[in-house]
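Please treat every number below as a calculation from the coordinates, not as lab data. Being a predicted model, the structure only gives us computed values, none of them experimental. Cβ: placed from backbone, ideal geometry, glycine included. Neighbour counts: every protein chain shown.
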């Protein structure tokens, strides 16, 4: 990693051209460029409009069910015998994950811009479900692009999207996962520019998406600050979240970036291991340009993009949001990784000890607790972003556990 | 500075006809066959050659060019081999302009300055890089112009009069008008709309305007050529390669000929147009 001078604040980015240091930018085809500029303008206006915020706050409270609780994970805390572990319960939001925070904002923007047709890409299907949900609520047409492999491994979410009236389009190109779904969504957008809003699910893509999605997700960290103040009378000591594109992590981290005393850990998916197939773009990638932004990417020596692998469809992407790439270079966020196997073990542990079935994505964050929590004192306050619930993953977890089965010994 | 591209369009203007711009994917279905195709293009009637640099994630391309790129990559095509093809082509042809077309990441990873030097030395005349709008001109466009390469920009139906000057500012060689909002090889363009758009662009620039995306047949090429200085055909030629392959996806004796025959047909279309310089 390059050595970069530390800024006075970590929270002022991006610059007006969408750059976080060398990362970010607007690397898109000319057909899309006027739309992206229009979106940037519309978002700036909405952000400055108190009525927009008021309406959004109302939906977040009454429809999404926010604030999501910050709850003490008592038995896990006891299990590790160190830091006091709190869960930020994004799994309890309507639709079962943090994704809805961002989708609500973008769909309100789509309405404001007069776009009747919404497209989205999805990996695990949580962003697709959230988009289908909000489009149903507000009466917009919804088309979700999903890699054919993900369609197979996340069937419950495919059915949910269909029940909500969305059209799910399986993508057969490339590795048939999230990267390919995003390519196909971009192709649709180029074709249907005049009436279509592209609702991106993570803090990636061309400017202003990484900034806008981050802003909509920051409610996670803002609530956590207030809730921790109320529970413990102070800020947490450390934060940990899983990172694929990184929207749940950015939402939790961003409001704490300038609190230098707060340690921040991002956990990438190490798949079969960092020396084999994985999805850890900071650990195993380098800066390149894909899907509208410059960021860490998994690629071959000649710049061809590598197919990622993770057991978790939501992390199965060869890139990461550009702001995360910047924070990784600055060292403000420490990057760790967890393998498929470690995530599966964490899935069982959390389900059995806390009565919470987590999505495989946050299991990657849970998997690193064993390294961090035990060495900390009992008054060390550690927050895990429990970004989604695991119902969607039961089939694939059962398959991977094989003979031992879901009810087997830990 | 007059480049091969400037020269070619100037010559064709004197002839009173539009240019046939042909796209072929470097390394499809393998480097050797691809070089044979490249060499066959001028004789078949191509005036300007776009040589595709394959990329795993071609976001602006339709199924034909996506598949062509993957065939090339699976056969082991790399940027070094693509530049090698241009060098080999130049040994027998010093007049036909070659424009490399593709996406930014393989160039960025090759190293911008090294890429520009190597491309120029190989005999490349211009670049079309789909995911570099004028907002990112510092990345490659400005260095390319300094290195003596043309940087050809795409203008699209969404590029309005207010935006056109920014799009044209650092464009050289020619302007590539994308005739539809969409990906390559999809809907067929409407010739009347295209002529109106070309006329609109010509109000802002003296550069030649070539039109592409969705042109497949000699008849379409003729219609487009009546109101533009160039007609670009890509997916149809890449499909001609595909249709000539054996069941294992390997080149056959028909492969080069299939492309040459289609190019000759398109060339007759372009040459048969009653060209009114727009």
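Key figures for this structure:
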read-out: Kirkwood-Stokes translational diffusion coefficient of region A:160-205, alpha-carbon pairs, 10 °C, 1.306 mPa s, µm²/s; value: 133
read-out: Neighbouring partner chain Cβ atoms per residue of A:33-40, average, 10 Å criterion; value: 3
read-out: Per-residue average of Cβ from other chains inside 10 Å of A:290-301; value: 3
read-out: Residues B:17, B:247, sorted so that the one with the fewest Cβ neighbours within 10 Å comes first; value: B:247, B:17
read-out: Fraction of beta bridges assigned by DSSP in region A:42-201 that are antiparallel (%, nearest 5); value: 20
read-out: Taking B:35, A:235 and counting other C-beta atoms within 10 Å, the order from fewest to most; value: A:235, B:35
read-out: Rounded FRET efficiency, nearest 0.05, which uses the C-beta distance separating residue B:253 from residue A:53 and R0 of 60 Å; value: 0.35
read-out: Ranked A:312, A:281, criterion: other C-beta atoms within 10 Å, fewest first; value: A:312, A:281
read-out: Size descriptor, Kirkwood hydrodynamic radius, that averages inverse alpha-carbon separations across region B:126-278, Å; value: 16.5
read-out: For region B:115-211, Kirkwood radius (reciprocal of mean inverse C-alpha pair distance, Å); value: 14.1
read-out: DSSP beta bridge pairing in the protein assembly as shown, given as percent antiparallel to the nearest 5; value: 20
read-out: Principal axis dimensions, region A:264-345 - Cα atoms, whole angstrom, descending; value: 34, 30, 20
read-out: Distance from region A:178-199 to region A:45-89 (C-alpha centre basis), Å; value: 30
read-out: Region B:187-236: Rg to Rh, with Rh as the Kirkwood radius over Cα pairs; value: 0.95
read-out: Inter-centroid distance (Cα atoms) of region A:206-281 relative to region B:188-248, Å; value: 48
read-out: Cα-based Kirkwood hydrodynamic radius, region A:202-351, one decimal, Å; value: 15.7
read-out: Cα convex hull of region B:75-170 - mean projected area over all directions, nm²; value: 7.0
read-out: The protein assembly as shown: C-alpha pair distances exceeding 43 Å, %; value: 27
read-out: Computed over chain B, Cα set: Rg, Dmax in Å; value: 17.0, 50
read-out: Within region A:267-410, percent of DSSP bridges classed antiparallel, to nearest 5; value: 65
read-out: Alpha-carbon gyration tensor eigenvalues x 5, square-rooted, for region A:198-282, Å; value: 25, 18, 9
read-out: Value of [θ]222 nm, deg cm²/dmol, for the protein assembly as shown, DSSP H segments ≥ 4, -39500 (n - 2.57) each, nearest 500; value: -12500 deg cm²/dmol
read-out: Alpha-carbon centroid distance for the pair region A:110-145 / region B:33-57, whole angstrom; value: 41
read-out: Partner chain coverage, peptide B:56-69 - average Cβ within 10 angstrom; value: 5
read-out: √(5λ) per eigenvalue of the Cα gyration tensor, region A:10-123, largest first, Å; value: 34, 20, 14
read-out: All Cα pairs of region A:326-410, percent lying beyond 23 Å; value: 28
read-out: Interatomic Cα distance distribution for chain A, bins of 20 angstrom, percent; value: 30, 62, 9
read-out: Cα convex hull of region B:227-278, projected area averaged across orientations, nm²; value: 3.7
read-out: q = 0.12, 0.18, 0.25 Å⁻¹: log10 I(q)/I(0) that the Debye formula gives for region B:110-166, counting C-alpha atoms only; value: -0.31, -0.62, -1.02
read-out: 12 Å tail of the calculated P(r), region A:17-60, as % of Cα pairs; value: 69
read-out: Whole-angstrom Cα spans of region B:160-223 along principal axes, big to small; value: 32, 21, 20
read-out: Relative contact order [Cα under 8 Å, 6+ residues apart], region A:1-150, whole percent; value: 14
read-out: Chain A - percent relative contact order, Cα under 8 Å, separation 6 or more; value: 21
read-out: Solution diffusion estimate, µm²/s, Stokes-Einstein, region A:67-121, Kirkwood Rh from C-alpha pairs, 4 °C, viscosity 1.567 mPa s; value: 93
read-out: Projected area, mean over directions - region A:100-208, Cα convex hull, nm²; value: 6.1
